[in-house]
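Below is one structure, written out as structure tokens; comments come after it.
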Amino acid sequence: MRQIDPDDEAAFDAFYGVLHETDVERWPNVSGWTRSEVHVMASADAAASRYDCLVARVGNATVGICLLERSQRDNTHELKLDIRVLPTHRRLGIGRALAGLAEQIGREDGRMTMCHICEVPTAQLPGHPSVPFAQSLGFASVQTGHVRHLSLPVPPERREQLWKEAHAASVGYRILTFTSPWPEEFLDDQCALWRRMSTDAPHGDEQHEEEVWDVARVEEMDAMLAAQGRSKLTAVAQHEASGRLVAYSELVVSKEQPAEAWQWATLVAREHRGHRLGMAVKLANLDYLRQQVPAATLVTTGNAQENAPMIAVNDMIGFQVVATGTFWRKQLAV
């Protein structure tokens, strides 16, 4: 068990090989992370988050990995981890050993909790080993949710009806779309909305702190996305009376895999809810995606089970549940 340098090409190729193989095992019809996306993230000298790559080897073969993420500006009590072991080497203690090394690193860095979100496709749920594995390591489930897929294009009749309802309810708001970076005049609103997203969205984790978002962190994220070869499409709702942005929705697309889009955050400020703005920004961004990336045929999103308003919007648009996600957390003893 050891940590690797992501700039060691052979070691990182082996690390990514395990990540990719286990991605394909879980999602045979979805491309998952590209090598360049993971490498940029793991090798970045970023101020907001640090990523570490751990590997387990048998002989000269890498058979298990763990990707660690440590926030550097907020939530510094937390260590996020993603453990993967090749099917031929499971139930041999490799995953447990990787978790032990991750915990050691977390303790040495003063982290108080370890957490992971495990998404299991619906067809694989019966008897899936992730539950007993997590529980045996001392993790507890603190939140569940679902992964949903939307096949594109949205049927025209459904889209037109939903747009009609959204337009009728959102009088006094203007919908705008653009590709990141956000226009300079909206940077203050962007930071404010992203800070609110960190606390308003359900986390299943009372220990989660408000995230620190400022122009420097936004620029750092935009630079990382560009280096990864990803584009982020954004739709926002502007309150006409005040000029402030009060809702947004994001879609991310890899240039290497333009058929797949990933729904990132969608938020409506609490004081502006009840005007179908969530529906409006989602529909606007789907229209924008169709214009900017016509090759896109699939959108993936995730929702905590308690987020009933957003689930209702997704159901109306046509998203279908394809997996169950569990947020696991372990408290580290002082």
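The values are calculated or read from the model by the stated rules, or taken from the named source; none is laboratory data. Keep in mind that what you see is a predicted model, and the values were worked out from it rather than measured. Here Cβ is always computed from backbone atoms with ideal geometry, including for glycine, and neighbour counts include all displayed protein chains. SASA here: full protein model, heavy atoms, side chains in, ligands and nucleic acids out. Shrake-Rupley method; radii C 1.70, N 1.55, O 1.52, S 1.80 Å.
Okay, here's what the table says:
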| item | result |
| --- | --- |
| Some residue of region 133-143 being among the aromatic types (Phe, Trp, Tyr) and without any contact (Cβ under 8 Å) to a residue 60 or more places away in the chain | yes |
| Elements of type strands (runs of 3 or more DSSP E) in region 1-99, at least 2 residues being among the basic types (Lys, Arg) and either touching a Ser or Thr at 6+ places or on another chain (Cβ under 9 Å) or surrounded by 20 or more Cβ atoms within 10 Å (Cβ to Cβ) (or both) | 78-85 |
| Within region 168-199, tally of residues that are open to solvent by less than 30 Å² (accessible area, probe 1.4 Å), under 13 Å from Leu233 (Cα atoms) and not in a loop (DSSP other than H, G, I, E, B) | 1 |
| Any hit, region 231-254, residues being open to solvent by less than 50 Å² (accessible area, probe 1.4 Å), hydrophobic (A, V, I, L, M, F, W, C), part of a helix (DSSP H, G or I) and out of contact with any Gly (no Cβ under 7 Å at 6 or more places or on another chain) | no |
| Hits in region 146-199 (condition: of a type in the set (A, V, I, L, M) and more than 20 Å from Val268 (Cα to Cα)) | Val147, Leu150, Leu152, Val154 |
| Positions within region 143-167 being surrounded by fewer than 17 Cβ atoms within 10 Å (Cβ to Cβ) and assigned to a strand (DSSP E or B), in sequence order | Thr144, Ser151 |
| Residue list for region 100-120, filter: crowded, with 20+ Cβ neighbours inside 10 Å and in a loop (DSSP other than H, G, I, E, B) | Arg111 |
| Any hit, region 280-289, residues being open to solvent by 40 Å² or more (accessible area, probe 1.4 Å), more than 18 Å from the chain's Cα centre (by Cα) and not β-branched (Val, Ile, Thr) | no |
| Restricting region 275-334 to residues that are at pLDDT below 95 and part of a loop (DSSP other than H, G, I, E, B), the residue that is farthest from Arg148 (Cα to Cα) | Val334 |
| Residues of region 208-239 classified as touching a Phe, Trp or Tyr at 6+ places or on another chain (Cβ under 8 Å), touching a residue at least 40 places away in the same chain (Cβ under 8 Å), of a type outside the set (Gly, Ala, Ser) and within 14 Å of Asp189 (Cα to Cα), total | 4 |
| Scope region 255-271; condition surrounded by fewer than 21 Cβ atoms within 10 Å (Cβ to Cβ) and under 21 Å from Ala304 (Cβ atoms); matching residues | Trp262, Trp264, Ala265, Ala269, Arg270 |
| Check on Pro132, within 23 Å of the chain's Cα centre (by Cα), more than 30 Å from Thr199 (Cβ to Cβ) and open to solvent by 10 Å² or more (accessible area, probe 1.4 Å) | no |
| Output for region 301-325, where each listed residue is out of contact with any His (no Cβ under 9 Å at 6 or more places or on another chain) and among the polar types (S, T, N, Q) | Asn307, Asn314 |
| Given (1) over 21 Å from the mean Cα position of the chain (by Cα); (2) hydrophobic (A, V, I, L, M, F, W, C); (3) outside any helix (DSSP H, G or I); (4) within 26 Å of Val322 (Cα to Cα), number of the condition Ala123 does not satisfy | (3) |
